[in-house]
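Notes to accompany the following structure.
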Amino acid sequence: MAAHQKIKNLTELGEILGKARQEGKRTVLCHGVFDLMHPGHILHIAAARKQGDVLAVTITPDRFVRKGPGRPVFSEKLRIQTVASLQDVDYTALNEWPTAVETIARLKPHVYAKGNDYTNPADDLTGRIVDEENAVRSIGGEIFFTNEESFSSSRLINQFFSTYPPQTEKYLKSFRSRYSADQVIDCVRGLQDLKVLLVGEAILDQYRYCTPMGKSPKETIVSTRFENEEIFAGGSLAIANHLAGFCKEVTLITMLGENTDQRRFIDSKLRPNVQLKAVVMKDRPTITKRRYLEPNFLTKMFEVQYLDDRPVPDAVEKDIRSRLEKCLEGHDFLVTADFGHGLMTKALREFVSSHGKFLALNTQSNSANLGFNTVTNYQRANFVCIDEPELKLAAARQYGDLHRLTDEVRRRIQVDAFLVSRGPLGSLIFSDHEPVVHTPALATRVVDRTGAGDALFSIASPCVYKKYPVEVVGFLGNCVGALAVEIVCNRDPVDPTLLLKFIKSVLM
Ligand SMILES: Nc1ncnc2c1ncn2[C@@H]1O[C@H](COP(=O)(O)OP(=O)(O)O)[C@@H](O)[C@H]1O
Ligand SMILES: [Mg+2]
């Protein structure tokens, strides 16, 4: 059969396999991404074909490939044509779901064939092979592990099709020689027992998508047409969600306005292992940042902030402090995400600096705080994570060597590990007993930078608390940064399973 005649949709494939079954033929199903066809795939498919009379291969569509930024390298169209051109393949179809579970139920193959890299369920980062096994069992089929020499698309892609610039490749080569994917994955899994206390401003990020139409005839402005809007749980809410993906529990102490719709929205957006302890402010709105964007390129045109950023009144300050005091005991460490919108008063800053528990600190500079909110407002932290412009503001110097600026800032705040993130240039980590660690950015596609620094802070903080090697902190930080810049604003927290898959595919 010509290759193009083998390509079916799932409904057609279901009918073909059903007919084959009626004719007493034994049907076999393989499923996968098949991003870079290699000898291992061909041998796997040949071994699967021997298990029956008809072999169908379903392929993960581009939108469900979860191997990290830059993947798949080859589009679903090319991948399905490649699979169809193999002699041992009778039929192929694009899957309609993220996994093969529904596909198995729909196609009811006698045999479901998996490669031998899946014989040990513990190696499967998503745990889905167990679901697939159950699906096969429920239709009375059997699972067959082909025992051919295994290659890895990811390893071959890293070797021959790197999407990274030479400097980043050089970094990865050297990092891979010191840390295996399994070691780094164990580090991420090692965070799962942590209980984190977080304090900082909750923010609602609002995106209003408007298409520019043209210049208003009477005015010197471009007029736009409203299309739609989205609201995201941002600020400390986003950080709580990121942290809760990596750690066991997060308690978030923050302030909110009285609006109950907004409160319901926030409650619906927080991960189940985030406990929200919010002080409700009578005369202040929940901090909201409304941005107007061109919808196709997500170009931001204008921003309106709804906030009252004076230091919170004494009663609220006392309330926050007593909540912190009560919670500190039951948590492993404290994260302070100070957005500079009035929550972290002088007394609260002194309190978090001096209570003696491990403190991870981020102070944001933004248009509302004009650079007044610098890390030097604190006396001490175990870990500080800020971006380059924030470092320059803290040092009150617009130019100069970042090492020197960091040294100057560290004379005014006592810090053990100091991470400076630099957007597309990655990050630098300064610490007392190790040389400076430079980690290049690992992103291949930038959709929206908003929230990237918060995501990086959220993974780096528990890693520094766990005393992981500084290099691992830098690497994991930029893996998470790379995943975060693919997410529109704070639409979703970084997916921890996707992080593990990304680690596995870049470190192969
Ligand atoms: N344009 C970009 N290209 C590649 N990676 C990026 C880009 N912007 C951000 N990142 C990733 O996100 C991390 C944090 O972003 P950064 O812009 O430094 O923080 P912030 O959002 O706080 O300003 C970077 O260290 C990097 O890993
Ligand atoms: Mg930031």
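The values are calculated or read from the model by the stated rules, or taken from the named source; none is laboratory data. Values in this document were obtained by computation on a predicted structure and should not be read as measured data. As a convention, Cβ positions derive from the backbone with ideal geometry for all residues, glycine included, and neighbour counts pool all protein chains shown.
Cβ separations smaller than 7 Å between residues 6+ apart or across chains give the following pairs from region 386-406 residues that are assigned by TED's automatic domain parsing to the domain that holds Leu361 and within 13 Å of ligand 2 (Cβ to nearest atom) to residues that are of a type in the set (Gly, Ala, Ser) and modelled with pLDDT under 95: Leu393/Gly371.
Got a number for residues in region 388-411 being more than 17 Å from Ser431 (Cα to Cα) and surrounded by fewer than 19 Cβ atoms within 10 Å (Cβ to Cβ)?
Taking region 388-411 and keeping what is more than 17 Å from Ser431 (Cα to Cα), we get 389-390, 392-400.
The next check asks that each one be surrounded by fewer than 19 Cβ atoms within 10 Å (Cβ to Cβ); those that pass are 389, 396-400.
Qualifying residue count for the region: 6.
In summary, helices (runs of 4 or more DSSP H) completely within region 397-508 and bearing 2 or more residues that are among the hydroxyl-bearing types (Ser, Thr, Tyr) and within 24 Å of Lys195 (Cβ to Cβ) occur at 452-465. Within region 126-151, if we keep just the residues that are small (Gly, Ala, Ser) and at pLDDT below 80, the residue that is surrounded by the most Cβ atoms within 10 Å (Cβ to Cβ) turns out to be Ser150. Residues satisfying the criterion are absent from region 443-461 (criterion: over 13 Å from the mean Cα position of the chain (by Cα), buried (at least 22 other Cβ atoms within 10 Å of the Cβ) and away from ligand 2 (no atom under 16 Å from the Cβ)).
Between Asn382, Asn373, Asn369, Asn362, which is within 13 Å of ligand 2 (Cβ to nearest atom), more than 23 Å from Pro424 (Cα to Cα) and touching a residue at least 40 places away in the same chain (Cβ under 8 Å)? That would be Asn369, the only listed residue that is within 13 Å of ligand 2 (Cβ to nearest atom), more than 23 Å from Pro424 (Cα to Cα) and touching a residue at least 40 places away in the same chain (Cβ under 8 Å).
Which members of region 353-363 meet the condition of being assigned to a loop (DSSP other than H, G, I, E, B) and within 14 Å of ligand 1 (Cβ to nearest atom)? Talk me through it step by step, then tell me what you get.
Going residue by residue through region 353-363, those that are assigned to a loop (DSSP other than H, G, I, E, B) are 355-358.
Across region 353-363, there are no qualifying residues.
Within the set of pairs 6 or more residues apart or between chains, which connect a residue that is closer than 13 Å to Met508 by Cα inside region 162-174 to a residue that is assigned to a helix (DSSP H, G or I) and of a type in the set (D, E, K, R) with Cβ atoms less than 6 Å apart? Cβ pairs passing all conditions: Ser162/Glu169. Counting only residues that are not in a loop (DSSP other than H, G, I, E, B) and not hydrophobic (A, V, I, L, M, F, W, C), region 367-396 holds 9 of them. Filtering Phe297, Phe302 for residues that are among the aromatic types (Phe, Trp, Tyr), within 26 Å of the chain's Cα centre (by Cα) and over 17 Å from Ile203 (Cβ atoms) leaves a single hit, Phe297.
With a requirement of 1 or more residues that are touching a Pro at 6+ places or on another chain (Cβ under 8 Å) and not hydroxyl-bearing (Ser, Thr, Tyr), the helices (runs of 4 or more DSSP H) lying completely within region 19-114 that satisfy it span 76-84. Report yes if some residue within region 160-181 is at pLDDT below 90 and assigned to a helix (DSSP H, G or I); otherwise report no. Within region 160-181 (the criterion being at pLDDT below 90 and assigned to a helix (DSSP H, G or I)), the answer is yes, since at least one residue qualifies. Here is the figure for region 370-402: residues that are within 16 Å of ligand 1 (Cβ to nearest atom) and at pLDDT 95 or above total 16. Is it the case that His355 is surrounded by fewer than 23 Cβ atoms within 10 Å (Cβ to Cβ) and either out of contact with any helix residue (DSSP H, G or I) (no Cβ under 7 Å at 6 or more places or on another chain) or more than 18 Å from Ile239 (Cβ to Cβ) (or both)? When the stated conditions are applied, His355 passes them.
Listed here are the residues, each with its yes/no results for (1) surrounded by fewer than 16 Cβ atoms within 10 Å (Cβ to Cβ); (2) in a loop (DSSP other than H, G, I, E, B).
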position: Arg310; (1), (2): yes, yes
position: Ala315; (1), (2): yes, no
position: Ile320; (1), (2): no, no
position: Leu324; (1), (2): no, no
position: Ala337; (1), (2): no, no
position: Ala347; (1), (2): yes, no
position: Phe351; (1), (2): no, no
position: Ser365; (1), (2): no, yes
